[in-house]
Every structure is written in structure tokens, then in C-alpha cells.
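*Asks:* I have a structure here, written as C-alpha cells, and I will follow up with some questions on it.
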């Protein structure tokens with residue numbers, strides 16, 4: 001009889017519950033910290049609907065941080081969000097202008 005067979009059904013259920021708990025904690029940590037989410041160049045191109053040349057240009061201009069490992073380019077979701085926030089513009093509709101005048 002092997003070592004794994006020495007666990008009872010209840011012990012296996014507890015191990016499964018513990019693993020699910022750890023997995024849920026990891027998911028929560030990743031969702032709360034975008035720097036833990038890593039995407040590759042293809043995913044960046046898909047998110048922004050850009051070409052590989054544009055992604056290269058953004059890296060060359062230091063618009064987005066990246067890592068190059070074994071010829072593959074990786075970004076943190078935090079870097080992607082920083083790029084987006086840097087170029088985000090507030091809407092300039094007449095409604096917003098009216099609201100601002102009232103304040």
C-alpha cells in the first residue's frame with residue numbers, strides 16, 4: 001500500500017478544501033494587485049488592437065515597462081493600466097460643462 005492510500009476520505013476532503021482555500025486567496029491577491037498579472041506581447045496587442053511594430057515603438061519610447069525573457073516580451077497589468085491612465089482624457093461633453101459651471 002502506497003503513502004497516498006493511507007489518507008482517509010475525510011482527510012482527502014480536507015486537503016481539497018485547503019487547496020481550494022489557497023487557490024481562492026491567490027485569485028483574490030492577483031485581482032487586487034495588477035502587478036502580479038503578467039501578459040505577453042500578443043495579449044498587449046490584442047488589448048489595444050495594435051501591431052507588433054506599435055508595441056515595439058511604445059517600448060522604444062519607454063511608454064510601457066516590459067521584461068524580455070528568452071526573446072519573449074512580457075508586461076505587468078499594472079504597466080498596461082499606467083499607460084492607459086497616462087493617456088486617459090475626461091469626456092468633454094456639454095453636459096459636463098454645464099455641471100462644472102454650476103459648481
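*Asks:* Determine whether residue 10 is loosely packed, with under 10 Cβ neighbours inside 10 Å and at pLDDT 85 or above.
*Replies:* So residue 10 fits the description; yes.
*Asks:* Could you grab the pairs with beta carbons closer than 7 Å, sequence gap of 6+ or different chains, first residue in region 74-103 and on the phi > 0 side of the Ramachandran plot and part of a loop (DSSP other than H, G, I, E, B), second one at pLDDT 75 or above and loosely packed, with under 10 Cβ neighbours inside 10 Å?
*Replies:* As it stands, the answer is none, since no pair meets every condition given.
*Asks:* So, one more: Of the conditions (1) surrounded by 10 or more Cβ atoms within 10 Å (Cβ to Cβ); (2) within 19 Å of the chain's Cα centre (by Cα); (3) modelled with pLDDT under 95, residue 18 clears all except one; give me its number.
*Replies:* (2)
*Asks:* Residue check: is residue 47 in contact (Cβ under 8 Å) with a residue 24 or more places away in the chain, surrounded by 13 or more Cβ atoms within 10 Å (Cβ to Cβ), assigned to a helix (DSSP H, G or I) and in contact with a strand residue (DSSP E or B) (Cβ under 8 Å, 6 or more places away or on another chain)?
*Replies:* So residue 47 passes the test.
*Asks:* Identify, please: which residue in region 33-44 is assigned to a strand (DSSP E or B) and within 8 Å of the chain's Cα centre (by Cα) and is, among those, surrounded by the fewest Cβ atoms within 10 Å (Cβ to Cβ)?
*Replies:* The selected residue is 38.
The values are calculated or read from the model by the stated rules, or taken from the named source; none is laboratory data. Only a predicted model underlies this, so the values are computations on that prediction, with no experimental measurement involved. Note that we place each Cβ from the backbone using ideal geometry, even for glycine, and neighbour counts take in every protein chain shown.
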